[in-house]
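Below is one structure, written out as C-alpha cells; the observations come after it.
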Amino acid sequence: MKWDFTTTSWSQVFAARDGSPTESGQALEALCQAYWYPLYAFVRLQGYDPDASRDLTQAYFTEFLEKDYLEVVDPSLGRFRAFLKVSVKHFLSKERRKEHTLKRGGRAQVFSLDAALAEGHYRVEPVDHLTPDEIFERRWALTVLERVLGKLRQEFSQTGKSGKEAEFQQLKAFLTGEEPRTSYREVAAELGTSEGAVKASVRRLRGRFGKLLREEIAETVADPDEVDDEVRHLLQVIAPWEPERT
C-alpha cells in the first residue's frame, strides 16, 4: 500500500465544521485519514509501544470529533498542523494523568488504523535524529511534495500521447533538487530523444512543479503572504534527512 497522504486546506477544515452532514462527514474522514500517521509517529516517539500508540491515536481522533475541536479552529491563529500538534500534546498530557491511560476497545472507532503497516513505515523514519515535533513536520513536508508530484504526473500523463507516464518517471528525478541517479544523456537514450529535448522538458516541468507547490502551500495557510516562508520551511524540514545514495 502506498502512503498517499493528502494535505489539508482550510476550505476542507471549514467543510468539516460548517458543511452539511454529508459534506462534514466526508471532510472529517479526510482530515483523520490525512493526519493519523503523522500523529501516530508523534505519539510513538513519546515512548509508547505500537499498540498503545494506535489506541491513543484512535482515542485522540474520537475526542477530536466528540468534543468538536474544530469549533475553536481559527486560521488567523496559525496553521492547522500547528493546532493539531498543540491539541494532541494536551490530550497526551491528560491521558498520562489518568490511572489507566486508555481502556482498549472502550471507544468507538473513527476509522480503521492498520498498526502493522504504520509500524513498518515508522521503522524507516530517521527517529534517531528527530524529535516528535520534527518528525511530524517532516511527514507534513513529504505529504506536500507527494501531493504536488501526483498532480504534476496526472497533468503530464493526460496529454494524449502514449508513453507519457514512463517519461514522467524518468524526468521526475530532476524536479526536487536531489542529485539524480541518471544523467540527461542516459534519460535521453532511454526515451529515444535528444539530450536537449530532455533538458527542455525538465525546465518546463520544474516551472509547473514550482507553481503547483506554491498553490498547494497556499491552501494550507490563512495568509497568502505566508506562502514564501512556508516553502522555505518545507525545504528546510526535508533537506537534512534526505536518504543516502547507495
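Every number in this text was worked out from the coordinates using simple rules, so none of it is lab data. None of these values were measured; they are calculated from a predicted model. Using ideal geometry, Cβ is built from the backbone for each residue, glycine included, and neighbour counts are taken over all protein chains shown.
Things worth noting here:
- Relative to the Cα centre, the charge distribution of segment 138-241, modelled as +1 at Lys and Arg Cβ and -1 at Asp and Glu Cβ, gives a dipole magnitude of about 480 debye.
- Taking a point 7 Å out from the Cα of Arg208 in the direction of its Cβ, the residues of segment 132-171 whose backbone N falls within less than 16 Å of it are 147-171.
- With the highest mean first, a sort of the peptides 147-154, 55-62 on other beta-carbon atoms found within 10 angstrom per residue produces 55-62, 147-154.
- Extension reserve of the Lys199-Arg181 stretch, reckoned as 0.36 nm per residue once the Cα distance is removed: 4.9 nm
- The rule of thumb for compact globular proteins, 2.2 N^0.38 Å, goes into the C-alpha radius of gyration of segment 138-241 1.16 times.
- Label-point gap, in nm, between Asp228 and Ala189 - each point 7 angstrom along Cα→Cβ: 4.3
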